[in-house]
Structure formats: C-alpha cells, structure tokens
Amino acid sequence: IKFEQSINQAEDKDEEIKKKIAEFNEWCKKEVTVYASIKNENTLGMILGGHRQKIQGRCQLLGLDATAYQNAFDKAYNEQLNKINGDRA
C-alpha cells in the first residue's frame, strides 16, 4: 500500500515510477541470490511463492512484464532444486 501511495502522491509520477522500477530491479537482483543458500525444498518453494506474489503486484503497479522477472526467479529456483535433489542422490 505504501508503495502504491508513494506513486500516487508524487508530484512527478513518471519520475517516481522510474525510481520505483530501479528499486525493484535492485531488489530482484538481491533476492534472486538468496536461492543458492537454501538447503530445503519446502523452504525453497515457500520463498518462490512469496516472490511470485510480490513480483506480480509490483509489475502490475509499474506496468512491467511480470513474466520476464519471474523467469529469473524460476531459473534460480530450478538450479537450487537440482542441487538439493542431487545432494540426496
């Protein structure tokens, strides 16, 4: 809600959206690295679910393609899932 309010209350909405997109991109870069440290499949799935929700909401507000962002998270998820499952074998 605060995220949306900051856009709606900004004097220059276009500039605020650009700022929010930059912040979102940085958040994505940081968050996608978290997957490599997760050692539990259930935890991995829960984190991906939370990220998907946030990505959908932010992309909708910012007019971005959620699929493009989701692909990076799916890739990190699948790579770590393969490592987890490989460790069990």
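The values are calculated or read from the model by the stated rules, or taken from the named source; none is laboratory data. These figures come from a predicted structure and were not determined experimentally. Cβ placement follows ideal geometry from the backbone for every residue including glycine, while neighbour counts extend to all protein chains displayed. For accessibility, only protein heavy atoms count, side chains too; no ligands or nucleic acids. Shrake-Rupley method; radii C 1.70, N 1.55, O 1.52, S 1.80 Å.
Observations, loosely collected:
- Answer label, with Cα Rg over 2.2 N^0.38 Å calculated from the coordinates and candidates (i) 1.11; (ii) 1.18; (iii) 1.28: (iii)
- In the elastic network of the chain, a GNM with C-alpha springs shorter than 10 Å, the most mobile of 74, 65, 14 is 14.
- Residue-normalised accessible area of the chain, given per residue in Å² at a 1.4 Å probe: 69
- The mean sequence separation of alpha-carbon pairs under 8 Å and at least six residues apart, normalised by the residue count of the chain, gives a relative contact order of 32 percent.
- The share of accessible area on the chain that comes from carbon and sulfur is 48 percent, using a 1.4 angstrom probe.
- For the range 16-89, the list of trypsin sites (Lys or Arg not before Pro) that fall in a loop by DSSP and count at most 16 other C-beta atoms within 10 angstrom reads 39.
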